[in-house]
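Trainee: Input: one structure, supplied below.
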Amino acid sequence: MREDYMDVTGTVFNIQTYSIHDGPGIRVTVFLKGCQLRCKWCANPESNETFPQLMTYSSKCTGCGACFSACPKNAISLNIEGGKGREITDRKLCVNCGKCIEACPNEAREIAGKTMTVRQVLDKVLKDKLFIDASGGGMTISGGEPLMHPEFTACLLYAAQGAGLHTAIESCSFASPGIVDEVFKYVDLGLLDIKHMDSAEHRRLTGVPNETILANIRHIHNDLHVPVIIRVPTIPGYNDSDENIAATARFTAEELGTDIAVHLLPYHRLGESKNESLGKKMDLSTDIPSDEHMQHLLSIVESYGLQGQIGG
């Protein structure tokens, strides 16, 4: 590990305290910006790009106009609908400078993403160490995709372990073997996504094939001996067929072992409002899965001798 590891920087868009779904116990989850995948159902679209991005919240906007004059690029205009003003931001002109945020009196605008050092992040995590230790929790790095920032991720994991924290990483495992080796030497638990077992469908739904992902998952567990949990974001009409869930369970049981847990994560609509805040629209048409359907998929997982679970 480099001597100045505490000063290495990364772009963080959220540090979530008292997290109970990202590994055992009470945890602090650090979310990094930047991801190679473009999943149609992404719940954190503000994590896709590596740079800070403006997010706007129309429900908080009163059309007061304070942001108009504050913008140095004249990227903001007012649209009158039904007698009520609503700001419109031209994303091609916006440079994410944050001047409009300083001017807004209603907290209707924010920048997602901030450059932070390992030291700054760890200091925030350690504020909750009393609760973390008492619950058997730790720190989890999520995203985005942490493996897209291998140096920062490895340094933060190393620092966390040095501070006596259990470490976990949420990852799609799409990276070179060298990056996987460098990062996972400091990981106590891998929360690894499998989006789809058919590579062509995986490419259609996420933008990349799955061969590298599956190979890395095997390597992480079988060669690096890192405990893992397989997680399947379950999206009705996209990857929730009996055949795909069975193929995922079969891969887990045969390639990793029946002692591996599989968590089925039901689709939710949080990503829709976040896309709107980024001036985008989701390319997805589906509903939230029913409890009955999720129980049916869980029974398929358990039929392979695996420990299944609905939710993280």
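The values are calculated or read from the model by the stated rules, or taken from the named source; none is laboratory data. These figures come from a predicted structure and were not determined experimentally. Note: ideal-geometry Cβ built from the backbone for every residue, glycine included; neighbour counts use all protein chains shown. Heads up: the accessible areas ignore ligands, DNA and RNA and are worked out on the full protein's heavy atoms, side chains in. Shrake-Rupley method; radii C 1.70, N 1.55, O 1.52, S 1.80 Å.
Trainee: Please give, to one decimal in nm, the separation of the simple spin-label points placed at ARG91 and HIS296, each 7 Å out from Cα toward the Cβ.
Mentor: 3.6
Trainee: Summarise the accessible area of the chain (1.4 Å probe, protein heavy atoms) by the percent that is carbon and sulfur.
Mentor: On the way: 7040 of 14180 Å².
The computed percentage sits at 50.
Trainee: Still on this structure: Under 8 Å for C-alpha pairs, at least 6 residues apart: give me the relative contact order for the stretch 196-312, rounded to a whole percent.
Mentor: Numbers: 147 pairs, mean separation 33.5, N = 117.
Averaging sequence separation for qualifying contacts and normalising by length gives 29 percent for the stretch 196-312.
Trainee: At what distance in nm do the modelled label points of LYS124 and ALA200 sit from each other, each positioned 7 Å from its Cα along Cα→Cβ?
Mentor: The two pseudo-label positions are separated by 4.4 nm.
Trainee: Oh, and also: For the stretch 85-197, what is the accessible area per residue in Å² when the probe is 1.4 Å?
Mentor: On the way: 4660 Å² over 113 residues.
Using a 1.4 Å probe on heavy atoms only, each residue of the stretch 85-197 averages 41 Å².
Trainee: Counting C-alpha atoms alone, how compact is the chain: give Rg to one decimal and Dmax as a whole number, in angstrom.
Mentor: 20.7, 64
Trainee: Also, quick follow-up: Rounding to the nearest 20 debye, state how big the charge dipole of the stretch 120-251 is about its Cα centre with +1 on each Lys and Arg Cβ and -1 on each Asp and Glu Cβ.
Mentor: Charge dipole, the stretch 120-251, about its Cα centre: 160 debye, nearest 20.
Trainee: Related question: Rounded to the nearest 20 Debye, what is the dipole magnitude of the chain about its Cα centre when Lys and Arg each give +1 and Asp and Glu each give -1 at the C-beta? Write down the numbers at each step before the final one.
Mentor: Numbers: 29 positive and 39 negative charges, 260 e Å.
Here the chain has a charge dipole of around 1240 debye.
Trainee: Considering only Cα-Cα distances, which of the following residue pairs are longer than 19 Å: LYS40/LYS195; LYS60/LYS274; LYS124/LYS185; LYS92/LYS280; LYS33/LYS114?
Mentor: Too far apart for the 19 Å limit: LYS124/LYS185.
Trainee: Could you please report the charge total around ASN222, scoring K, R as +1 and D, E as -1 over all other residues with beta-carbon less than 15 angstrom from its beta-carbon?
Mentor: On the way: positive: ARG218; negative: ASP181, ASP223, GLU254, GLU255, ASP259.
So the environment of ASN222 carries a net charge of -4.
Trainee: How high is the relative contact order of the chain? Use alpha-carbon pairs under 8 Å, at least six apart in sequence, and give a whole percent. Let's see the in-between values first.
Mentor: Details: 628 pairs, mean separation 60.7, N = 312.
Dividing the mean separation by the residue count of the chain yields 19 percent.
Trainee: For GLU255, tell me the accessible area in Å² from a 1.4 Å probe, rounded to the nearest 10.
Mentor: GLU255 has an accessible surface of roughly 70 Å² with all protein chains in place.
Trainee: Modelling each spin label as a point 7 Å along the Cα-to-Cβ direction, I'd like the ALA261/HIS225 distance in nm, to one decimal.
Mentor: 2.2
Trainee: For every helix of n ≥ 4 consecutive DSSP H residues, a contribution of -39,500 (n - 2.57) applies; sum these over the chain, divide by its total residues, and give [θ] at 222 nm rounded to the nearest 500 deg cm²/dmol.
Mentor: After summing the helix terms and dividing by residue count, I get -8000 deg cm²/dmol.
Trainee: Please name whichever of ASN275, CYS94, LEU165 sits farthest to the positive end of the charge dipole of the chain, dipole taken about the Cα centre and charges placed at Cβ: Lys and Arg +1, Asp and Glu -1.
Mentor: CYS94
Trainee: How much of the DSSP beta bridge set in the chain is antiparallel, as a percent to the nearest 5?
Mentor: Given both bridge residues lie in the chain, the antiparallel proportion sits at roughly 40 percent.
Trainee: Treating only the Cβ atoms of Lys and Arg (+1) and Asp and Glu (-1) as charged, compute the dipole magnitude of the stretch 1-152 about its Cα centre; round to the nearest 20 debye.
Mentor: Using only the charged Cβ atoms, the result is roughly 440 debye.
Trainee: What does the extension gain come out to for ALA103 and ALA134, with contour length at 0.36 nm per residue minus their alpha carbon separation? All intermediate terms of the calculation are to be shown ahead of the outcome.
Mentor: Working: separation 31, 0.36 × 31 = 11.16 nm, distance 4.22 nm.
That pair, ALA103 and ALA134, stretches by 6.9 nm at full extension.
Trainee: Determine the shape class of the stretch 1-58: with a ≥ b ≥ c the square roots of the Cα gyration tensor eigenvalues, call it rounded for a/c under 1.5, and otherwise prolate if a/b is greater than b/c, oblate otherwise.
Mentor: Judged from the Cα gyration tensor, the stretch 1-58 comes out oblate (a/c at least 1.5, b/c at or above a/b).
Trainee: A further question on this structure: log10 I(q)/I(0), Debye, Cα-only the stretch 82-210, no solvent, q = 0.13, 0.16 Å⁻¹?
Mentor: The computed values of log10 I(q)/I(0) come out as -0.77, -0.95.
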